[in-house]
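Engineer: After the structure tokens below, expect a handful of questions from me.
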Amino acid sequence: MESVNATLALIPQYTGLSAGTFFTIVALVLGIYYLISGLFAPPPVKYVPLEPLPPPTQLGEITAEELQAYDGTDPSKPLLMAIKAQIYDVSQSRAFYGPGGPYALFAGKDASRALAKMSFEEKDLTGDIEGLSAYEAEALTDWEYKFMSKYVKVGTVKPSPAGSNRGEDVPIESAEEETAAPDAEPETSKDE
């Protein structure tokens, strides 16, 4: 108790204020500090636990049309995309490949040609990799290794039947030529 009284006796000597005035000022300064820091402090963050992703479902071999159902528009289905006919579950990267994401146009498709050419054009959203330059083929291989290391392979895309002409894996120029060819008659048949 003597040390407290001695300390209280020193306050007027060092500050020129009475002990009551000194402690009132200290209390006001602390109150103002907490008030101001409370105004500028960020609100407490509430962490909402996310539902864990379901384990990848193995699909086996599916057609390109069936793959389109996994483009992210149905949240109950996984988000899938293919490279070189190998289908990967990219659900963990929904912010990139899901609806509204920067790479959403690749979802539900074999995007090999578009990735190789680093293109966002609709005509390049195909699994057809014929005619790629060496640089583009190397870029596609890099993408393939990235997907193999980051995502789970869940199936393959069935090759389209050789005689079918649905346009998804046929370059646009070839599809137009094949469509126009049946209307033309061969000139040699008129001469005979």
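Engineer: Given 124, 142, 89, which one is surrounded by 15 or more Cβ atoms within 10 Å (Cβ to Cβ) and more than 17 Å from residue 57 (Cβ to Cβ)?
Structural biologist: Working: 142 fails: surrounded by 15 or more Cβ atoms within 10 Å (Cβ to Cβ); 89 fails: more than 17 Å from residue 57 (Cβ to Cβ).
Step by step, each of 124, 142, 89 is checked, and only 124 is surrounded by 15 or more Cβ atoms within 10 Å (Cβ to Cβ) and more than 17 Å from residue 57 (Cβ to Cβ).
Engineer: Determine which member of the set 37, 18 is loosely packed, with under 10 Cβ neighbours inside 10 Å and out of contact with any strand residue (DSSP E or B) (no Cβ under 9 Å at 6 or more places or on another chain).
Structural biologist: The conditions single out 37.
Engineer: Being at pLDDT 85 or above, of a type in the set (S, T, N, Q), farther than 30 Å from residue 130 by Cα and surrounded by 11 or more Cβ atoms within 10 Å (Cβ to Cβ): is that true of residue 24 here? Please lay out each step first, then the result.
Structural biologist: Numbers: at pLDDT 85 or above: yes; of a type in the set (S, T, N, Q): yes; farther than 30 Å from residue 130 by Cα: yes; surrounded by 11 or more Cβ atoms within 10 Å (Cβ to Cβ): yes.
So residue 24 fits the description; yes.
Engineer: Here's another thing I want to ask about it. Looking at (1) of a type in the set (S, T, N, Q); (2) in contact with a Leu (Cβ under 7 Å, 6 or more places away or on another chain); (3) modelled with pLDDT of 95 or more, find the lone condition where residue 86 falls short.
Structural biologist: (2)
Quick grid of which residues meet (1) of a type in the set (Ser, Thr, Tyr); (2) closer than 15 Å to residue 152 by Cβ; (3) crowded, with 17+ Cβ neighbours inside 10 Å; (4) out of contact with any Gly (no Cβ under 7 Å at 6 or more places or on another chain):
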{"position": "61", "(1), (2), (3), (4)": "no, no, no, no"}
{"position": "72", "(1), (2), (3), (4)": "no, no, yes, no"}
{"position": "78", "(1), (2), (3), (4)": "no, yes, yes, yes"}
{"position": "82", "(1), (2), (3), (4)": "no, yes, yes, no"}
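Engineer: Where residues in the stretch 102-121 are small (Gly, Ala, Ser) and in a helix (DSSP H, G or I), which of them is nearest to residue 155 (Cα to Cα)?
Structural biologist: 112
Engineer: Let me ask something else about it. Among the numbered criteria (1) at pLDDT 95 or above; (2) touching a Leu at 6+ places or on another chain (Cβ under 8 Å); (3) surrounded by fewer than 17 Cβ atoms within 10 Å (Cβ to Cβ), which single criterion is violated by residue 135?
Structural biologist: Single failed check for residue 135: (2).
The values are calculated or read from the model by the stated rules, or taken from the named source; none is laboratory data. Since the model is a prediction, treat every value here as computed from it, not as a measurement. Positions of Cβ are generated from backbone atoms using ideal geometry, with glycine treated the same way; all protein chains shown enter the neighbour counts.
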